[in-house]
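Here's the structure we're looking at; comments come further down.
Where a number appears in this text, it was derived from the coordinates with a stated rule and is not lab data. Bear in mind the structure is a predicted one, so any value in this text is a computation, not a measurement. Neighbour counts are summed over all protein chains in view; Cβ atoms, including those assigned to glycine, are modelled from backbone coordinates with ideal geometry.
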Amino acid sequence: MNQRSERGMTLMELLVAMVIGSLVITLVVRGLGLSLNLYDRVAGITSSMDVRFREAQWWADSMASLVPCTDVRHCVQGNSTRLAGYTFAPILDDGGKRVPVTWELEVSPDQSVLIYKEGIEARAEPLAMSLDLPGDAMFGYLQPDGKWVSEWGGPGGSTRLPAAVRIEDAAGGIWAFGTPAQRPYGREDYRDMLGE
């Protein structure tokens, strides 16, 4: 062996190796930082999309499980900013029992907020949904003849369930849609099942 290979690396070779190593480490750390940043952004977007999807699904489930009238006091009633009725699929309470629910639109010029209340309205804790709704959002109710109206039930109104309920804007855009899955009219034996 010659003398140079026994001595090891020269100072210059050591410096070059350290510079190359530090460049590699810098690139790896920077790439890791960028990927973590991207992950955080994607997780934030996915999380908000997931919440909006769940809330839209809650709306649809609540509409699907609306209970038909057993008498005039227990009918679905609604106007363009408020919908009240009874459902078997409450969001906060256990499912399977009849629970009074109210959906309200708090309308402002920029956006509308969908408020959900469950239970007897005087004691109901409001739950604001994060659905992106326009400032001119309103409820629409589908009649059996296929016409959409902005009022449902009430004194002298229909005692049947609407064929569908939607949240729409003034231009006719649909923001949420739900159809009751129950029979449209109540039956006398429902009172026995519902404990009336």
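Sorted fewest first by neighbouring Cβ atoms within 10 angstrom, S47, S62 come out as S47, S62. As a length-normalised measure over Cα pairs under 8 Å and 6 or more apart, the relative contact order of the range 62-194 settles at 26 percent. Dipole magnitude for the range 1-142: about 480 debye, using +1 per Lys or Arg Cβ and -1 per Asp or Glu Cβ, origin at the Cα centre. For the peptides 18-24, 87-93, residues were scored by their other Cβ atoms within 10 Å and the scores averaged per peptide; the highest-first order is 87-93, 18-24.
Ranked highest first by the average count of other Cβ atoms within 10 Å around their residues, in what order do 168-174, 32-38 fall?
On the way: 168-174: 11.7, 32-38: 10.0.
The peptides rank, most packed first, as 168-174, 32-38.
Would you work out the charge dipole size for the range 62-194 about its Cα centre, treating the Cβ of every Lys and Arg as +1 and the Cβ of every Asp and Glu as -1, and quote it to the nearest 20 debye?
In total the dipole reaches around 480 debye.
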